[in-house]
Amino acid sequence: MKTILLPTDFSKNSINAINYAVELYKNEVCNFYILNVQRASSFISDDMLVVNASATIYNTIVDAAKKSINNIIAKIVKKHSNGNHHFEAVVDYDNFIDSINQVSEKYNVDLIIMGTKGASGLAKVLFGSNTIKVIQRGVAPVLAIPENCKYSGLDKVGFITSFKTLYNINDFKPLNDIIALNNSEIHIMHALCDQDATEELNKCISRLKKNFNNPVFNYLVVKNDKVFETIHEFTETKGIKMIAMLVSKHTFLERLFKTHAVETIAFATVIPFLAMKKNED
């Protein structure tokens with residue numbers, strides 16, 4: 001049984017991500033926890049004026065948010081009618097990342113699936129700020145779903161890496177689970193930004209061959225200021241339906257985020273992005 005966390009702010013993007021998750025796991029037994037996080041700073045004096053004398057502001061806001069989540073659940077159940085899926089509404093009054101991590105640990109979450117803000121050109125940001133925070137600081141892997149992205153199978157999945165990282169088999173569990181669900185063809189996308197050492201590259205290739213069944217290796221020679229453009233062009237050319245990467249303090253992904261400030265990243269993602277946590281042991 002899979003346990004999936006679905007954060008929502010009731011926006012169109014977050015609802016789209018919930019629908020994507022339900023479609024992705026339509027043949028799996030799943031517990032879906034739909035989470036809304038409220039902040040004290042989001043409430044204004046007008047809200048306080050309508051609170052019943054016998055209730056607290058906290059209870060009033062939480063009850064309203066839980067009702068909204070239950071409405072979402074009712075629509076999903078009516079639309080999909082899937083006996084494999086169980087839904088639960090969770091409302092928290094906390095810092096967003098702290099709430100995500102607490103809920104993830106409490107329910108042993110396997111994967112967080114959340115929506116991202118849309119991008120209509122190379123001048124737009126890569127992800128919304130909350131998604132970036134969860135990818136960088138969250139305790140569970142994240143599948144980020146772009147605006148208006150609909151599930152249509154994942155026949156080809158890309159995994160971005162560089163020769164400098166060696167992997168443990170457990171690192172790939174979220175990706176392997178998705179590949180197994182969709183019988184996906186896995187494309188290993190080696191992004192070669194520097195002069196690569198042949199010995200290290202061969203070690204990396206050997207590890208990846210042991211983990212994946214018949215992986216297709218691709219070598220992308222990129223410049224530091226053209227990383228996302230190169231990846232985007234490759235995924236479009238090859239028909240890649242999802243890209244994945246491992247995240248740690250010193251991995252390729254972390255380097256990209258430091259090199260390219262989130263606010264100025266020149267790349268419009270139009271396919272889901274799976275950010276996995278690398279075991280640092």
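General remarks:
- 15 Å beta-carbon shell around residue 80, net charge (K/R +1, D/E -1): +3
- Cβ crowding within 10 Å, taken as a proxy for footprinting-reagent exposure, orders 62, 22 from fewest neighbours to most as 62, 22.
- Interchain or long-range residues, amide H under 5 Å from residue 116's placed H: 145, 147
Just so you know, all these numbers are worked out from the coordinates, no wet-lab data involved. Keep in mind the model is a prediction, meaning the values are calculated, not measured. Don't worry about glycine lacking a Cβ; one is built from the backbone with ideal geometry, like all the others, and counts go over all protein chains shown.
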